Amino acid sequence: MNQGIERYLAPQSLDQALFALQELGEVTLLAGGTDLMPQAKAGRAKFKRTLMNLRGIPELKGVSREGNTLRLGALATITELLHDPLVGEHLPVLREACDHFASDQIRNAATLGGNINNASPAGDTLVPLLVLDAEVELASRPDEAIYRRRMPLSEFFVGPGKTRRAPAELLSAVLVPCPAPGHVARFYKFGARPALDISTISIGLAGVRKNGHLENVRVAFGAVAATPLRALATEEALEGRQLDAQTIARVAATARQEVQPIDDLRASAWYRQELVHNMLTRMLEHVAQN
Amino acid sequence: MSLKTEIEFTLNGVKRRATVPVEMSTLDLLRDVVGLTGTKYGCGEGECGACTIEVDGLTVNSCLMFAVDCAGRSVNTIESLAGEPLGERLRAAFVEQGAVQCGFCTPGMMMQAAHVLSACGAQDDKAIARGIEGNLCRCTGYKKIVEAIAVAGKATGA
Ligand SMILES: Cc1cc2nc3c(=O)[nH]c(=O)nc-3n(C[C@H](O)[C@H](O)[C@H](O)COP(=O)(O)OP(=O)(O)OC[C@H]3O[C@@H](n4cnc5c(N)ncnc54)[C@H](O)[C@@H]3O)c2cc1C
Ligand code: FES
Ligand code: FES
């Protein structure tokens, strides 16, 4: 089942963790374990030579505000995000996604950093974070000092389970700009039952409302491609257009073309396209009416 | 050969040490290393809640948690509810309301029920049902379980 873990580390600071990562390279990172444990048991994830538990690293915890940006620590759990007052005030669409996430027990253990680095096309925080223009912060320690680079979340995913994180890097935080007044954002998750269901599809929508249309439109879909998808053609079809029946029909048709879902046990590709079309229509009608 | 490591943690209020393989789950630690078998293995993958325990005041699925991750933390299992006021109220209510049939889900259900009640106080049926979404019961149909938790909760409030 596993190749044999040779070393277990539980660093107590970011500096310690990054130093070890730089030295060792081959490390399996552990946060809440809710993806890693079942994947390892099923043989879908192989342990590297070192297992590093991130829990003791205080720099990765909590939610804070820095100017006009919210900093969501990689170790923030889904439960913490669900109850965080800053998230509730500024990022209700992320809160909504956390509310539809698994079960209480899993929300209590699952972390934001784990959800992002697991890089499942169905990861539920990814779609709202994409439409909120979130960036990931990647920390490393190539020499004496800690180095932090930022990357738009939309560029972070390469394929299922694959990201642009380098082996010596940790995802330290997610940075989200506080939306401007007039900002509207929606999240919709379709699953066969309300709890404990991996998304069949999910939809995120955001924009700034200006007399009857949306500007700065962002649309993202989950579980319809190899990675969570920013839907640029769909965004363009909506950007600046009067939110009337004609626009909504055109946008939904564009979305149906733009997604590239697969058939799997949860749904057929055709059904997923229908869901995208119909649920985006409903979402846009709701935005137009409110 | 898998690597073992020694951990120290608090289990049901008592400090203890254990030596565990680093890839072991907390469920296996509790059942096979410590010998506390009240916590049940249902699915082993986070779907059923039979393995629910409380760690640092929050409930989690012990089958998804690495045993090494118990280090330095406070872990409570179903055994900790015996003799506690809330645990006893839950036990009486589960029996009186007929919320137990085969009983396999019951330890996890009671751990989650205790968490739902103590974290949020007495609650309506909807909030209780929401709280136990992660716990499957194949026998009762949930109605009696929700009623039992509500009864135990009302006793809490009084
Ligand atoms: C029954 C069940 C139901 C679920 N339901 C949902 C659901 O509804 N929606 C959903 O989105 N997901 C769901 N999941 C998946 C899982 O719970 C989430 O993806 C969770 O957020 C993972 O977080 P974790 O802390 O447990 O990650 P872990 O399992 O600890 O780690 C996941 C991956 O991320 C890496 N990693 C973790 N932290 C970092 C970091 N800081 N830097 C770099 N890499 C890191 C790990 O090495 C690992 O590869 C479910 C899982 C189960 C078992
Ligand atoms: S045994 Fe852990 S959730 Fe089923
Ligand atoms: S009583 Fe049998 S599973 Fe719940």
Of everything in region B:1-17, what is within 14 Å of another protein chain (Cβ to nearest Cβ), assigned to a strand (DSSP E or B) and among the hydrophobic types (A, V, I, L, M, F, W, C)? Give them in sequence order. B:Ile7, B:Phe9
Check B:Asp28 against each of (1) part of a strand (DSSP E or B); (2) within 14 Å of chain A (Cβ to nearest Cβ) and name the one condition it does not meet. (1)
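Could you run through region A:36-69 and say how many residues are more than 14 Å from every other protein chain (Cβ to nearest Cβ), of a type outside the set (A, V, I, L, M) and closer than 20 Å to B:Val55 by Cα? Lay out the reasoning, then the answer.
Initial filter on region A:36-69 (more than 14 Å from every other protein chain (Cβ to nearest Cβ)): A:59-60, A:62-69.
Those still in the list that are of a type outside the set (A, V, I, L, M) too: A:59, A:62, A:64-69.
Narrowing further to those that are closer than 20 Å to B:Val55 by Cα: A:62.
The total comes to 1.
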Could you check A:Leu14 against (1) at the interface with chain B (Cβ under 10 Å from one of its Cβ atoms); (2) in contact with a strand residue (DSSP E or B) (Cβ under 8 Å, 6 or more places away or on another chain); (3) surrounded by fewer than 20 Cβ atoms within 10 Å (Cβ to Cβ) and say which number it fails? (1)
Test: residue in region B:58-72 that is open to solvent by 40 Å² or more (accessible area, probe 1.4 Å), touching a helix residue (DSSP H, G or I) at 6+ places or on another chain (Cβ under 8 Å) and modelled with pLDDT of 95 or more: yes
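Being open to solvent by 10 Å² or more (accessible area, probe 1.4 Å) and in contact with a Pro (Cβ under 7 Å, 6 or more places away or on another chain): is that true of A:Ala225 here?
Details: open to solvent by 10 Å² or more (accessible area, probe 1.4 Å): yes; in contact with a Pro (Cβ under 7 Å, 6 or more places away or on another chain): yes.
The answer is yes for A:Ala225.
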Residue that is over 25 Å from A:Leu36 (Cβ atoms) and within 16 Å of ligand 1 (Cβ to nearest atom), where the choices are B:Cys63, B:Cys105: B:Cys105
Filter region A:246-267 for residues that are small (Gly, Ala, Ser) and out of contact with any strand residue (DSSP E or B) (no Cβ under 8 Å at 6 or more places or on another chain); the one that is least open to solvent (accessible area, probe 1.4 Å) is A:Ala252
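Can you tell which of A:Ala74, A:Ala97, A:Ala102 is surrounded by fewer than 24 Cβ atoms within 10 Å (Cβ to Cβ), within 28 Å of B:Ile132 (Cα to Cα) and within 11 Å of ligand 1 (Cβ to nearest atom)?
On the way: A:Ala74 fails: surrounded by fewer than 24 Cβ atoms within 10 Å (Cβ to Cβ); A:Ala97 fails: surrounded by fewer than 24 Cβ atoms within 10 Å (Cβ to Cβ).
Among A:Ala74, A:Ala97, A:Ala102, only A:Ala102 is surrounded by fewer than 24 Cβ atoms within 10 Å (Cβ to Cβ), within 28 Å of B:Ile132 (Cα to Cα) and within 11 Å of ligand 1 (Cβ to nearest atom).
Of all residues in region B:22-48, count the ones that are of a type in the set (S, T, N, Q) and open to solvent by 30 Å² or more (accessible area, probe 1.4 Å). I'd like the intermediate steps shown before the answer.
First pass over region B:22-48, keeping only residues of a type in the set (S, T, N, Q): B:25-26, B:37, B:39.
Remaining after also requiring open to solvent by 30 Å² or more (accessible area, probe 1.4 Å): B:37.
Total meeting the criteria: 1.
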Can you confirm whether region A:177-192 contains a residue that is within 14 Å of chain B (Cβ to nearest Cβ) and out of contact with any strand residue (DSSP E or B) (no Cβ under 6 Å at 6 or more places or on another chain)? yes
Taking B:Gln101 and the conditions (1) in contact with a Cys (Cβ under 7 Å, 6 or more places away or on another chain); (2) open to solvent by 10 Å² or more (accessible area, probe 1.4 Å); (3) under 19 Å from B:Ile149 (Cα atoms); (4) within 13 Å of another protein chain (Cβ to nearest Cβ), which numbered condition does it fall short on, given that it satisfies the others? (4)
Checking B:Gly131 against (1) open to solvent by less than 20 Å² (accessible area, probe 1.4 Å); (2) in contact with a strand residue (DSSP E or B) (Cβ under 9 Å, 6 or more places away or on another chain); (3) facing chain A (nearest Cβ under 10 Å): exactly one of these is not met. Which one? (2)
Residue match in region A:104-113 (condition: among the small types (Gly, Ala, Ser), within 14 Å of another protein chain (Cβ to nearest Cβ) and touching a residue at least 24 places away in the same chain (Cβ under 8 Å)): yes
Checking A:Arg272 against (1) outside any strand (DSSP E or B); (2) open to solvent by 30 Å² or more (accessible area, probe 1.4 Å); (3) at pLDDT 90 or above: exactly one of these is not met. Which one? (2)
Kindly establish whether A:Arg141 is in contact with a Ser or Thr (Cβ under 8 Å, 6 or more places away or on another chain) and either more than 9 Å from ligand 1 (Cβ to nearest atom) or at pLDDT 95 or above (or both). no
For region A:17-41, give me each residue that is over 24 Å from the mean Cα position of the chain (by Cα) and free of Cβ contacts under 8 Å to residues at least 24 places away in the same chain. A:Glu23
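Would you mention how many residues in region A:162-176 are surrounded by fewer than 16 Cβ atoms within 10 Å (Cβ to Cβ) and either within 16 Å of ligand 2 (Cβ to nearest atom) or touching a residue at least 40 places away in the same chain (Cβ under 8 Å) (or both)? Working first, answer last.
Initially, region A:162-176 is screened for residues surrounded by fewer than 16 Cβ atoms within 10 Å (Cβ to Cβ), giving A:162, A:164, A:166-167.
Subset that is either within 16 Å of ligand 2 (Cβ to nearest atom) or touching a residue at least 40 places away in the same chain (Cβ under 8 Å) (or both): A:162, A:167.
Counting residues in region A:162-176 that are surrounded by fewer than 16 Cβ atoms within 10 Å (Cβ to Cβ) and either within 16 Å of ligand 2 (Cβ to nearest atom) or touching a residue at least 40 places away in the same chain (Cβ under 8 Å) (or both) gives 2.
Take region A:20-35 and flag every residue that is within 8 Å of chain B (Cβ to nearest Cβ) and not in a strand (DSSP E or B).
Let us first name the residues in region A:20-35 that are within 8 Å of chain B (Cβ to nearest Cβ), namely A:30, A:32-34.
The answer is A:Gly32, A:Gly33, A:Thr34.
The values are calculated or read from the model by the stated rules, or taken from the named source; none is laboratory data. Please read these numbers as outputs of a predicted model, since none were measured by experiment. Counting neighbours? That spans all protein chains shown, and the Cβs are built from the backbone with ideal geometry, glycine included. Keep in mind that these areas ignore ligands, DNA and RNA; they rest on the heavy atoms of the full protein, side chains included. Shrake-Rupley method; radii C 1.70, N 1.55, O 1.52, S 1.80 Å.
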